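Student: Before we start, here is the structure in question, set down as structure tokens.
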Amino acid sequence: MKNKRMFFSGLLLFCIIMALPALGDKEKVPLVKVTGVVELVGNEPFTDLLITNSEHSYYIASDEKGKLYNLQHRTVTVKGEHIAREGRFANGRSAGIRHTLKNIKIISIK
């Protein structure tokens, strides 16, 4: 009985020690300023809002869509957190990088 308790106590301690780095500082997300045209792409119910410029098409995070939905086909300048994630096909090949903006703040509308 004592050996079981010691084993599970050791296992619990190991799990806590392994989880500590994940509890530390969050990953720093770079802030970017983007100017481009707001576009709605896709088919209902799977639509996405994008800000497209000469560099990239930036997807707008789903909780931020309300800020830009009525600005479609207009040129806007926004500032927000830029997240770039590489997509992968099932066979492991790269599907490209998806650029997403979150926590956006509208700077100007043209």
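Student: Can you name the number of the only condition in (1) surrounded by 16 or more Cβ atoms within 10 Å (Cβ to Cβ); (2) in contact with a Lys or Arg (Cβ under 9 Å, 6 or more places away or on another chain); (3) touching a residue at least 40 places away in the same chain (Cβ under 8 Å) that Leu31 fails?
Tutor: (1)
Student: Condition first: more than 19 Å from the chain's Cα centre (by Cα) and modelled with pLDDT under 90. Now tell me which residues in the range 24-53 satisfy that.
Tutor: Gly24, Glu44, Pro45, listed by residue number.
Student: Only one residue in Ala90, Ala95 is part of a strand (DSSP E or B), free of Cβ contacts under 8 Å to residues at least 60 places away in the same chain and either of a type outside the set (Phe, Trp, Tyr) or loosely packed, with under 15 Cβ neighbours inside 10 Å (or both), so which one is that?
Tutor: Only one candidate qualifies: Ala95.
Student: Sort out which residues of the range 42-51 are loosely packed, with under 14 Cβ neighbours inside 10 Å and either polar (S, T, N, Q) or part of a strand (DSSP E or B) (or both), and write them in order of number.
Tutor: Scanning the range 42-51 gives Gly42, Asn43, Phe46, Thr47.
Student: Another one. Does any residue of the range 65-82 turn out to be loosely packed, with under 11 Cβ neighbours inside 10 Å and within 16 Å of the chain's Cα centre (by Cα)?
Tutor: Checked against the condition, which is being loosely packed, with under 11 Cβ neighbours inside 10 Å and within 16 Å of the chain's Cα centre (by Cα), the range 65-82 yields no hits at all.
Student: Now a separate question. Quick test of your reading of the structure: Glu64 fulfils all but one of (1) outside any strand (DSSP E or B); (2) at pLDDT 90 or above. Name the failing condition by number.
Tutor: Against the list (1) outside any strand (DSSP E or B); (2) at pLDDT 90 or above, Glu64 comes up short only on (2).
Student: So which of Ile107, Ile83, Ile97 is hydrophobic (A, V, I, L, M, F, W, C) and under 11 Å from Val34 (Cβ atoms)?
Tutor: So the residue among Ile107, Ile83, Ile97 that is hydrophobic (A, V, I, L, M, F, W, C) and under 11 Å from Val34 (Cβ atoms) is Ile107.
Student: Checking Glu39 against (1) outside any strand (DSSP E or B); (2) under 21 Å from Lys110 (Cβ atoms); (3) among the acidic types (Asp, Glu): exactly one of these is not met. Which one?
Tutor: (1)
Student: Among the candidates Ser54, Ser108, single out the residue that is among the polar types (S, T, N, Q) and either surrounded by 10 or more Cβ atoms within 10 Å (Cβ to Cβ) or in a strand (DSSP E or B) (or both).
Tutor: Ser108
The values are calculated or read from the model by the stated rules, or taken from the named source; none is laboratory data. Owing to the predicted nature of the structure, the values given are computational and were not obtained by experimental measurement. Quick reminder, even Gly has a Cβ in these numbers, built from the backbone with ideal geometry, and neighbours come from all protein chains shown.
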